[in-house]
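Enquirer: Got a structure for you, written out below as structure tokens; questions coming shortly.
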Amino acid sequence: MTLTDIIERCQALYDDLDFGYVDEWKARNPEGKAVGYLPTYVPRELIWAAGCLPVGIVGGGDQLEIVKGDACFQSYICHLPRSVVELGLSGRLDALDGMLFPATCDVIRNLSGIWKLYFPDKYVKYFDVPHNYDSRIGGEFYEDHLHEILAELEQLGGRKVSDDELRAAIRLYNENRRLAGEVYELRAKEPWRVPATDCYLLVRAGLILSPDEHCAMLREYLELVKLEDRPLRDNARVLVVGAFCEQPPLDLVRALEFAGCYVVEDDFLLINRWLGDTVDATGEPIHALSEAYLKTPAETSSRYVDDDGRKGRYLVDLVRKSGAEGVVFAAPSFCDPALLDRPMLQAALDAAGIGHTAFKYSENTGQLQPIREQAGTFADTIKLWGTA
Amino acid sequence: MSTKVVKEESMVKQKEMIADHFKKLARAKEEGKKVVYTFVPGNLTELLLAFDCLTVHPEINALQSGMRKKSGEYIAEAERAGHSEDVCTYVKCDIGMLMKGNIGPTGEQLPEPDLLLLSYTGCYTFMKWFELLRERYDCPTVMLQVPYQGDGEITPKMVEYVSRQLREVLVPKLEEITGKQLDEARLQELLASSARSEENLVHVLESAKNRPSPIDAYFGGVYYIGPLFTAFRGTPAAEEYYRMAAEEVDQRVALGLGPVTPEGQLENERFRLVTEGPPNWTHFREFWKMFYDAGAVVVASTYTKVGGTYDRGFRHDPSRPFETLAEYCLGCYTNLNLPDRVNMIADYVRDYHADGFLINSVKSCNSFSAGQLVILRHVEEKCGKPGAFIESDLVDPRYFSPSNIKNRLESYFQMLAQRKGQKVTA
Ligand code: SF4
Ligand code: SF4
């Protein structure tokens, strides 16, 4: 395999709106089931341990023609649910035996109900997360919820899951997230080596590939990429935030780079790094998953920040850690979580003297010129003045 | 339509209650009263009253700003300050009002909060709303997470989670802020009083099963829910209000009278409707007029369940104070899943003998609106009655297009008239 082969494979997975890999995986694992999930976070460890393939569904991108999905949502609702419904109603998700809808926002929450109405024979679950971070209160609730989901997955998969199997799944995903984190770290250090689109496609592949296969791919990429010499450009280093759910089209990610930005950190597909490798793989596994969620310092819009005055500090820290020189707020149109958070995050950046720019997109945005120009101006400002 | 302006005693009473509440708020600081900002769905009025706290509901501020034609200016102010045009206008209206001095509906400044009680019930935006507000106030915030009924049921674990947060997080915080210990007996009295008012509220709402309906359960309904959904649950004033309202409704039923509208008594009930979604506040009267001019009466609405689904049997139970408050929060309408919402609307159409149902889809509210087109089709299928779909907003006047809405409603009413074999009038 060469680097090009790896990225081409990722691109093929990205382009395949029929999720052919799921059928292949099922053919190889005749007993196995497949369970889809929406952004931003679900404990994939439970799904995998139950003998099911976790499949991340993050919309239909810019290549999917929307016919039925538009009839389900008003014009002032973001694009993601309509493409997800399109995928479902056009039969492209038939290979999925179940779907998890996490508590990311009210659109995804209500989509869980739509799924129950449209697919009454499938396993459909709303996945809640705690906003009370006390292990005895929020933790207890969350552990009960995880046990409930595990029991339902066991029923779906047709077998009991042992603690050892759960611990093995935890180890595997810890490793998977560690490797994805390593790609991100390398990109932050030497962004010319890891183009933003390569990084995106690599982690995106983790939404569909089995975790062991994805780990192997990441390892191979990390080995090969260090040998590759790519020209260093005089780009500005930026962090992209707000794109944690509906995904920007790949061309938009590319456009940022062409406009003179090195993306050194982003929140595109948080699940691939959320919780890092911090889940304890030695103790009681459900408790370990719960504790890791409760204690992570990571922030995203759908997670309540309970310590007054702390809002935005995580972002500022991430800017410092990644060496970003400015922040690009990229939010899907009509995305309440990203857009309601933005003024608070902007205020935190202002207080820290970090420059920022903002635009909106949708997964099928075709008009990239204005965004390219805006990103170009932003990059120029950083390069000229050291800050935007 | 009789053009005599009718003001029922209960309406006068409610006006007095609200005026009195705002007076108390205006004096709160000098009288050393603690002020808690909290939301309507999942409000914990009895618990707050047990600590003698006064409540401010930011959604009520926003809707009142809408009715007073102030919301457009407040929203513009918030957008100028960097808030996106895409997000919930209740939040922007509230923030704009705050930026303009936080002047309440009585012209007096609202007191700053001593606590932001984030009752996280049925709406994601609530979380951001109070995260935004707390940047402007120097007071603690308590998050009370109310799990969503994803599977259409309230489980014992959910009740336990909410009641533990009440006991172990909220009560200690209230004790700290007010310097008082919780008097559980007083809380129980307040809850018992709530249950009595709730009984009468349900009586009022269910009176719409009569023909003609003595009430309009949407436009008129928002007045009937007012005291119980806000600062007055558990108070003698609320009990008296609901007693009066129930008596008035009984009298109207006995006399065969239709609902009271801003232009007097509705005398010819032509269509009976169920509505889903909140009303528009900036053009509230104009919107209502489109209905009563056509003889359309709303006999049941989901909006009047956002602060509690009492008609499904829930009553606050003083013998289990924390669990009952938890169950109350968990049961609010926007915390129900979509299949349950479909069932509720279809049941209303059947039980209230409605000719059809109407969805007012508001741009602001993902909690209500995401999925309403799917609800429309499923309810139609379930109850065999036609639905109509209109779009507006809560408090952003830019999104209320009177001519579009009127056209849409007129053709809907014509269709209903044809189905009922009525003479079609323009
Ligand atoms: S893009 Fe935003 S609003 Fe839309 S589903 Fe995702 S988080 Fe929710
Ligand atoms: S999104 Fe809906 S429920 Fe939430 S604050 Fe706005 S109007 Fe209210």
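The values are calculated or read from the model by the stated rules, or taken from the named source; none is laboratory data. No experiment lies behind these values; they were computed from the predicted model shown. Cβ placement follows ideal geometry from the backbone for every residue including glycine, while neighbour counts extend to all protein chains displayed.
Enquirer: Could you check region A:72-161 for helices (runs of 4 or more DSSP H) lying wholly inside it with 3 or more residues that are more than 13 Å from chain B (Cβ to nearest Cβ) and surrounded by 20 or more Cβ atoms within 10 Å (Cβ to Cβ)?
Expert: Working: elements: A:80-89, A:106-118, A:140-157.
Here the list reads A:80-89, A:140-157.
Enquirer: What single numbered condition from (1) at pLDDT 95 or above; (2) away from every other protein chain (no Cβ under 11 Å); (3) closer than 30 Å to A:Pro81 by Cα fails to hold for A:Gly366?
Expert: Every listed condition holds for A:Gly366 apart from (1).
Enquirer: Any idea which residue in region A:289-312 is surrounded by the most Cβ atoms within 10 Å (Cβ to Cβ), counting only those that are within 16 Å of ligand 1 (Cβ to nearest atom) and more than 10 Å from chain B (Cβ to nearest Cβ)?
Expert: Step by step, filter region A:289-312, then rank; the result is A:Thr300.
Enquirer: Restricting to region A:340-360, what's the tally of residues that are within 12 Å of ligand 1 (Cβ to nearest atom) and without any contact (Cβ under 8 Å) to a residue 40 or more places away in the chain?
Expert: Total satisfying the criteria: 2.
Enquirer: Still on this model: State which residue pairs qualify: first residue more than 17 Å from B:Asp86 (Cα to Cα) and inside region A:74-86, second residue among the polar types (S, T, N, Q) and more than 16 Å from ligand 2 (Cβ to nearest atom) in any location, beta carbons under 8 Å apart, and separation of 6 or more residues or different chains.
Expert: A:Ser83/A:Asn364
Enquirer: Is it true that A:Val58 is within 16 Å of ligand 1 (Cβ to nearest atom), under 28 Å from A:Ala151 (Cβ atoms), surrounded by fewer than 24 Cβ atoms within 10 Å (Cβ to Cβ) and at pLDDT 95 or above?
Expert: The answer is yes for A:Val58.
Enquirer: To continue, here is another question. Go through the residues of region B:402-424 one by one and say whether even a single one is of a type outside the set (A, V, I, L, M, F, W, C), within 29 Å of B:Gly72 (Cβ to Cβ), touching a strand residue (DSSP E or B) at 6+ places or on another chain (Cβ under 9 Å) and within 13 Å of another protein chain (Cβ to nearest Cβ).
Expert: No, because not a single residue in region B:402-424 is of a type outside the set (A, V, I, L, M, F, W, C), within 29 Å of B:Gly72 (Cβ to Cβ), touching a strand residue (DSSP E or B) at 6+ places or on another chain (Cβ under 9 Å) and within 13 Å of another protein chain (Cβ to nearest Cβ).
Enquirer: Let me spell it out: the conditions are (1) surrounded by fewer than 19 Cβ atoms within 10 Å (Cβ to Cβ); (2) farther than 27 Å from B:Asn335 by Cβ; (3) more than 12 Å from chain A (Cβ to nearest Cβ), and B:Pro214 meets all of them except one. Which number is the exception?
Expert: (1)
Enquirer: With the structure loaded, tell me whether B:Arg285 is among the basic types (Lys, Arg) and farther than 30 Å from B:Asp317 by Cα or whether it fails that test.
Expert: So B:Arg285 fits the description; yes.
Enquirer: Report, by residue number, each residue of region B:142-157 that is in contact with a strand residue (DSSP E or B) (Cβ under 9 Å, 6 or more places away or on another chain) and farther than 20 Å from B:Leu170 by Cβ.
Expert: If the condition is that a residue be in contact with a strand residue (DSSP E or B) (Cβ under 9 Å, 6 or more places away or on another chain) and farther than 20 Å from B:Leu170 by Cβ, then B:Gln149, B:Gly150, B:Asp151 are the ones that fit.
Enquirer: Of the residues in region A:26-62, how many are aromatic (Phe, Trp, Tyr) and in a strand (DSSP E or B)?
Expert: Qualifying residue count, region A:26-62: 1.
Enquirer: Now for a separate question. Filter region A:341-388 down to residues that are charged (D, E, K, R) and over 26 Å from the mean Cα position of the chain (by Cα) and give me whichever is farthest from A:Tyr314 (Cα to Cα).
Expert: We begin by selecting, within region A:341-388, every residue charged (D, E, K, R); these are A:341-342, A:350, A:360, A:363, A:372-373, A:380, A:383.
From what's left, over 26 Å from the mean Cα position of the chain (by Cα): A:350, A:373, A:380, A:383.
On the way: A:Asp350: 14, A:Glu373: 29, A:Asp380: 26, A:Lys383: 25 Å.
If we take residues in region A:341-388 being charged (D, E, K, R) and over 26 Å from the mean Cα position of the chain (by Cα), then A:Glu373 is farthest from A:Tyr314 (Cα to Cα).
Enquirer: Only one of A:Gly323, A:Gly283 is at positive phi and away from every other protein chain (no Cβ under 14 Å); which?
Expert: Of the residues listed, the single one that is at positive phi and away from every other protein chain (no Cβ under 14 Å) is A:Gly323.
Enquirer: Tell me which of these B:Cys365 doesn't satisfy, since it passes every other one: (1) at the interface with chain A (Cβ under 9 Å from one of its Cβ atoms); (2) touching a residue at least 24 places away in the same chain (Cβ under 8 Å); (3) away from ligand 2 (no atom under 16 Å from the Cβ).
Expert: Only one criterion in (1) at the interface with chain A (Cβ under 9 Å from one of its Cβ atoms); (2) touching a residue at least 24 places away in the same chain (Cβ under 8 Å); (3) away from ligand 2 (no atom under 16 Å from the Cβ) is unmet by B:Cys365, namely (3).
Enquirer: Here's another thing I want to ask about it. Go through (1) at pLDDT below 95; (2) crowded, with 19+ Cβ neighbours inside 10 Å and name the single condition A:Val240 misses.
Expert: Here A:Val240 clears every test but (1).
Enquirer: Where residues in region A:155-194 are under 23 Å from the mean Cα position of the chain (by Cα) and acidic (Asp, Glu), which of them is farthest from A:Glu257 (Cα to Cα)?
Expert: A:Glu175
Enquirer: Filter region A:18-31 for residues that are in contact (Cβ under 8 Å) with a residue 12 or more places away in the chain and surrounded by fewer than 16 Cβ atoms within 10 Å (Cβ to Cβ); which is nearest to A:Leu201 (Cα to Cα)?
Expert: Among those that are in contact (Cβ under 8 Å) with a residue 12 or more places away in the chain and surrounded by fewer than 16 Cβ atoms within 10 Å (Cβ to Cβ), it is A:Asp18.
Enquirer: A further question on this structure: Pull up region A:25-38, narrow it to residues that are away from every other protein chain (no Cβ under 14 Å) and touching a helix residue (DSSP H, G or I) at 6+ places or on another chain (Cβ under 7 Å), then point me to the one that is nearest to ligand 2 (Cβ to nearest atom).
Expert: A:Val35
Enquirer: Pick out the one residue from A:Phe334, A:Phe329, A:Phe359 that is within 16 Å of ligand 2 (Cβ to nearest atom) and within 14 Å of chain B (Cβ to nearest Cβ). Break it down stepwise before answering.
Expert: On the way: A:Phe329 fails: within 16 Å of ligand 2 (Cβ to nearest atom); A:Phe359 fails: within 16 Å of ligand 2 (Cβ to nearest atom).
Sole residue among the options that is within 16 Å of ligand 2 (Cβ to nearest atom) and within 14 Å of chain B (Cβ to nearest Cβ): A:Phe334.
Enquirer: Considering region B:386-403 alone, what residues qualify as being away from ligand 2 (no atom under 16 Å from the Cβ) and in contact with a Leu (Cβ under 9 Å, 6 or more places away or on another chain)?
Expert: Scanning region B:386-403 gives B:Pro386, B:Gly387, B:Ala388, B:Phe389, B:Ile390.
Enquirer: Quick check on my filter: what residues within region B:21-39 are in a helix (DSSP H, G or I) and without any contact (Cβ under 8 Å) to a residue 40 or more places away in the chain?
Expert: Result: B:Lys24, B:Arg27.
Enquirer: A further question on this structure: Can you name the condition, by its number, that B:Val374 falls short on among (1) more than 14 Å from chain A (Cβ to nearest Cβ); (2) more than 16 Å from ligand 2 (Cβ to nearest atom)?
Expert: Going through (1) more than 14 Å from chain A (Cβ to nearest Cβ); (2) more than 16 Å from ligand 2 (Cβ to nearest atom) one by one, B:Val374 breaks only (1).
Enquirer: Residues to consider are B:Arg80, B:Arg27, B:Arg68; find the one that is within 19 Å of the chain's Cα centre (by Cα) and surrounded by fewer than 19 Cβ atoms within 10 Å (Cβ to Cβ).
Expert: B:Arg68
Enquirer: OK, next. Please find, within region B:148-189, the residue that is nearest to the other protein chains (Cβ to nearest Cβ) out of those that are of a type in the set (Gly, Ala, Ser) and either within 24 Å of the chain's Cα centre (by Cα) or under 13 Å from B:Ala50 (Cβ atoms) (or both).
Expert: Here the answer is B:Gly150.
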